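Take a look at the structure below.
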Amino acid sequence: MNMQADTADQKLRARARRVIPGGMFGHMRAAGLPAGYPQFFERGEGCHIWDVDGRRYVDFMCSWGPNILGHKHPLVTEAVQRQMAAGDCLNGPTERMVELAERLVRLVPHADWALFSKNGTDATTTCVTLARAATGRRKILAARGAYHGAVPWCTPHPLGVTAEDRAHLIEYVYNDIGSLEAAVEAAGDDLAGVIASAFRHDYGFDQELPDPAFARRARQLCDEKQATLILDDVRAGFRLTLHGSWDLVGVQPDLSAWSKAIANGHALAAVTGKDHLRDAASGLFVTGSFWCGAVPMAAAVATLDELERIDGPRLMWEMGQLFRDGIAAQAAEAGVGVRQSGPPQMPTILFDDDADFSKGSRFCVEALQRGVYLHPRHNMFFSTAHTVADIDFALEATRAAFAALADG
Ligand code: PMP
């Protein structure tokens, strides 16, 4: 046997480099992860994923959010197959779209209506466009460092972006009331809206939950200026609560953007909004060839029903907290300084004295080699498929990873 033979992952990377720019693009590039992480996967089931070389991992990324009930959830698969047999891409939507909008209007306090698209970026962009259409104004306030998508008005990567694309964006600092007030002041009588993430989940930083006083002030300022408060719930939506993440701090936005977990891995995004924006929303021309696809909507109805039935956010909180407690105990035992931030369902684990993320990377690679897929910089995601046994398995791996770190 040739021990030097390329792995299936290496072979696929070589093929990909010939026909795909850079071999891979976007946030799922393995090049953005430490060496040793696979680029290509074969399958997923529950909270497990298998790479193309047949290695199994407990998955703490859930496809960067979408797989909230776990991969290949039987109820979602059944709904998908039933809808697939009837039709997916038709000349218009099916009854599934109305059912799904009804679910969202029932679950989400601020939601009087919903419209649908495919990706989180579609939803945030629609929210911003709608805020401008409804107010007839231009300025959008967005938190510095926050991610709202990958098109010119919001991408964190400047290549191909013109100054004009960002001309009417004003930055504030998340959770900083003074900076928000200054940004509102700077917008003057041209303020269309304020966009805020569910909590501060910037890449490579400790996460920060929303300060209720900050959220209330954002609401108050938008009310005073008759501007639109937009919640970007794309990443956090349905993991913390089924009622919109700022419901937890007692603040209702005018508009919310949703995607990721809404259809357990099927391509779907939604915008929900208050009644006073209904007319403006009806006038907006937002559309796409695949935006009415019935299969993702059937998946979403099944996903939301199941999350509600099992109280998914609570289950994910419990498993997340179990993992967090275990990591804290192991770090203390190993004498390694770690910071765990964000809601337990979406944890970020960063290491002290680790500006270049080398400790975090080493830790994650050690865990990966023991069958646990973590991320060294980005927040992670729990699903309702994670069980106590999976957390125990993961904590065995992280115990060994801490030991390896402590050994230098
Ligand atoms: N907003 C937030 C908060 C996100 O996390 C993301 C995706 N990471 C987006 C918007 C964009 O979503 P998508 O990648 O589906 O376009």
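The values are calculated or read from the model by the stated rules, or taken from the named source; none is laboratory data. Everything quoted here is computed from the prediction, not taken from an experiment. Note that we place each Cβ from the backbone using ideal geometry, even for glycine, and neighbour counts take in every protein chain shown. The area values use the complete protein model at the heavy-atom level, side chains included, leaving out ligands, DNA and RNA. Shrake-Rupley method; radii C 1.70, N 1.55, O 1.52, S 1.80 Å.
Per-residue packing, averaged as other Cβ atoms within 10 Å, sorts the ranges 163-175, 388-400, 316-328, 233-245 into the order 233-245, 316-328, 388-400, 163-175, beginning with the highest. Pairwise Cα separations in the chain fall into 20 Å bins from 0 onward with the following percentages, short to long: 26, 57, 17, 0.
Helix 95-107 and the longest principal axis of the C-alpha atoms of the chain enclose an angle of approximately 90°.
Its Cα centre serving as origin, the chain has a Cβ charge dipole (Lys and Arg +1, Asp and Glu -1) of approximately 900 debye. A straight line joining the Cα centroids of segment 42-72 and segment 341-408 runs 16 Å.
For the ranges 276-287, 195-206, 65-76, what's the packing order if you count other beta-carbon atoms within 10 Å of each residue, average per peptide, and put the highest first?
65-76, 195-206, 276-287
For the listed peptides 177-188, 127-138, 80-91, a ranking on the average number of other beta carbons within 10 Å per residue, highest first, reads 127-138, 177-188, 80-91.
Across the chain, the mean sequence separation of Cα contacts (distance under 8 Å, 6 or more residues apart), normalised by length, yields a relative contact order of 22 percent. Dipole orientation for the chain: of the candidates W153, M24, A35, M24 has the Cα lying most toward the positive pole (charges on Cβ; Lys, Arg +1; Asp, Glu -1).
Can you give me the relative contact order of segment 250-408 as a percent, contacts being Cα pairs under 8 Å and 6 or more apart?
It comes to 19 percent, rounded to a whole number.
Within a straight-line Cα-Cα reach of under 22 Å, K225 can be paired with the following lysines, leaving aside sequence neighbours fewer than 8 residues apart in one chain: K139, K274. Is the shape of segment 3-75 rounded, prolate or oblate, going by the alpha carbon gyration tensor and its root eigenvalues a ≥ b ≥ c, with a/c under 1.5 for rounded and a/b larger than b/c for prolate? Prolate, since a/c reaches 1.5 and a/b exceeds b/c. Straight-line cross-link reach from K72 at under 15 Å between alpha-carbon atoms covers these aspartates and glutamates, not counting any fewer than eight positions away in the same chain: E42, E45, D59, E306. The heavy atoms of V151 present about 50 square angstrom of accessible area, all protein chains included, probe 1.4 Å. Taking the charge dipole of the chain about its Cα centre, with +1 at Lys and Arg Cβ atoms and -1 at Asp and Glu Cβ atoms, the residue from A215, H71, T272 reaching farthest to the positive side is H71. What you get for segment 105-204, charging only the Cβ of Lys and Arg (+1) and of Asp and Glu (-1), is a dipole of about 300 debye around the Cα centre. Given +1 at the Cβ of Lys and Arg, -1 at the Cβ of Asp and Glu and no other charges, the dipole of segment 248-358 around its Cα centre is 400 debye to the nearest 20. Post the alpha-carbon centroid distance, segment 210-249 to segment 78-92, in whole angstrom. Taking the Cα centre of segment 78-92 as reference, the centre of segment 210-249 is 34 Å away. Checking the a/c ratio against 1.5 first, then a/b against b/c, what shape does the Cα gyration tensor give for segment 1-156? Judged from the Cα gyration tensor, segment 1-156 comes out oblate (a/c at least 1.5, b/c at or above a/b).
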